[in-house]
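Chemist: Sharing a structure below in structure tokens format, with a few things to ask.
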Amino acid sequence: MKRRNFILGGGLLATLSLGTTATNASLADAVSTAADFRVLAEKEINAKLEAVDTTEFETTTHTWDGMPFTSDGQTIVEIQADYNFNGSGGFDTVDEGATIIEFYSDRGDRRREATFNLQNVNGATATFQITGGQEVIVDSNGSTNVSIDIVNFENPETGNYSAELTFIRDDGENLTVTDTLSTAGGVGQFNVTIIDSPSEITIGNTIPIEAEIENTGADGGQVIDLIVDGSGQDNKQVTLTNDQTKTVNLESNSIDQGGDVSIDVQSENDTASTTVSVIGGWSLDLAPATAGDKNSTHTWSTPGFTFNGEVSEVFFDYSGQSRGFRLGGLTANDVTVEMEVGDDDSLTTIGVDSVTSQNKETATVVLDPNADTTVGGEMNIVLNGVENINKSGEYSTDIELRGDDTFSESVTTVVE
């Protein structure tokens, strides 16, 4: 079998298959047949390949258009694609279900979508095996344009590539069209995933974070930042080639306040987030916080603290202040205790058995001995009827929880 190449109108290349014993007459007949499978010369049409994104290694849509030809009513049975490159990229990522092949006739403004199977996929090459019938017959009287949207084609590395499509008829004749695909180096796409972080820490400790960085863009480097409650606290420079993944370890500063802490790990392109609970941080809110108020409500709160077992009593110490706070008049009815018990995430109200005071600036709250007071997390204690110190300023107060374990902490509060 001999193959003859013909440059047809518009500069497109047609390849004609001939038998080895072809005579001049049969060659003339074959050329006449090939002339029926041609770009219309008077239109000077060139095949046009456009990529939505020409960045190297980007997954994008490639559209082939501008390919009107006639073929005397013959049917197209196969389209072979070859982008002529080695290395990563190509048809392996193509979404066959979203890819569209259309035959558009200028007679009657008819557009027909072909059905096909994507076969022989191997990087830069693939075959569209046409399975349609009438919709892929090229008009014998008029012009038929073929338009192809190849969805999720992965661009090759930076370079210029001679891409080609070969249309094969049911009688074996074929036509090849070409255009150039040019790709350029883009920027790295650094995707971030947090793969390890603690769910909670004890106040005063740091937060270690392990993150995985994957580059799905061009080769390059970026700074990976650890952001804690909006504040940058650690970073690492990471350099990755396309499709490379690396694990980085980051660590926060020491956390000195209780509650939930927001954690963000950021690249230039992506952010991964999580939340870490900081336990052991008590806070004290005064309402009102006015100096000399004789009926202030003092609310002690913590999102959680380290305590093994049950709490039996809570000791408050406001002493050490000149003309200080007064707790001496508190009774069991003036104190409300709520806490998360064991594994229960909801707050349980704990009964108060009694309140005792050695002096006016201290108080011991004894909890109901029949209640389950196993520390599970959040705890709130409300003292109603405390007399505030009569001078504005910042003051240090102490809380101590006693029982199966002991926990104490000093808290600064403000009187206005």
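Chemist: What is the spin-label model distance, in nm, from Asn370 to Glu50 if the labels are put 7 Å beyond Cα along the C-beta direction?
Modeler: 8.2 nm
Chemist: Among Lys246, Lys294, what is the fewest-to-most ranking by other Cβ atoms within 10 Å? If you can, show how the numbers build up before the last one.
Modeler: Details: Lys246 15, Lys294 12.
With the fewest neighbours first, Lys246, Lys294 line up as Lys294, Lys246.
Chemist: Taking 37 °C and 0.692 mPa s as the conditions, I'd like the Stokes-Einstein D for the stretch 283-415 in µm²/s, using the Kirkwood hydrodynamic radius from alpha carbon pairs.
Modeler: On the way: Rh = 14.9 Å.
Reported coefficient: 221 µm²/s.
Chemist: Let me ask something additional. What are the ³J(HN,Hα) couplings of the stretch 361-369, residue after residue, when phi is run through the Karplus curve with 6.51, -1.76, 1.60 and θ = phi - 60°? Round to Hz, x for glycine and proline.
Modeler: 9, 10, 7, 10, 9, 9, 7, 4, x
Chemist: In nanometres, what is the gap between the two model label sites at Ser396 and Ser346, each 7 Å from Cα along Cα-to-Cβ?
Modeler: Taking the simple label geometry, Ser396 and Ser346 are separated by 4.1 nm.
Chemist: Excluding same-chain residues fewer than 8 positions from Lys360, which aspartates and glutamates have a Cα within less than 19 Å of its Cα?
Modeler: Answer for Lys360, where 19 Å is the Cα cut-off: Asp293, Glu313, Asp317, Asp334, Glu387, Asp398, Glu400, listed by chain and number.
Chemist: Please arrange Val311, Val248 by how many other C-beta atoms lie within 10 Å of their C-beta, fewest to most.
Modeler: Numbers: Val311 23, Val248 18.
If I rank by nearby Cβ atoms, fewest first, I get Val248, Val311.
Chemist: Using the crude model of +1 on Lys and Arg Cβ and -1 on Asp and Glu Cβ, and no other charge, please compute the dipole size for the stretch 190-278 relative to its Cα centre, in debye to 20.
Modeler: Working: 2 positive and 16 negative charges, 24 e Å.
My answer is approximately 120 debye.
Chemist: Moving on. Choose one of Thr362, Phe305, Thr349: the residue whose Cα lies farthest towards the positive end of the charge dipole of the stretch 304-380 (beta-carbon charges +1 Lys, Arg; -1 Asp, Glu; about the Cα centre).
Modeler: The Cα lying farthest towards the positive end belongs to Thr362.
Chemist: Sorted from fewest to most neighbouring beta carbons within 10 Å, what does the list Leu284, Leu327 look like? Show your work: numbers first, answer last.
Modeler: Working: Leu284 20, Leu327 24.
With the sparsest Cβ surroundings first, the list reads Leu284, Leu327.
Every number in this text was worked out from the coordinates using simple rules, so none of it is lab data. On a predicted model such as this, the values are computed, not experimentally measured, just so you know. Backbone-built Cβ (ideal geometry, glycine too); neighbour counts: all protein chains shown.
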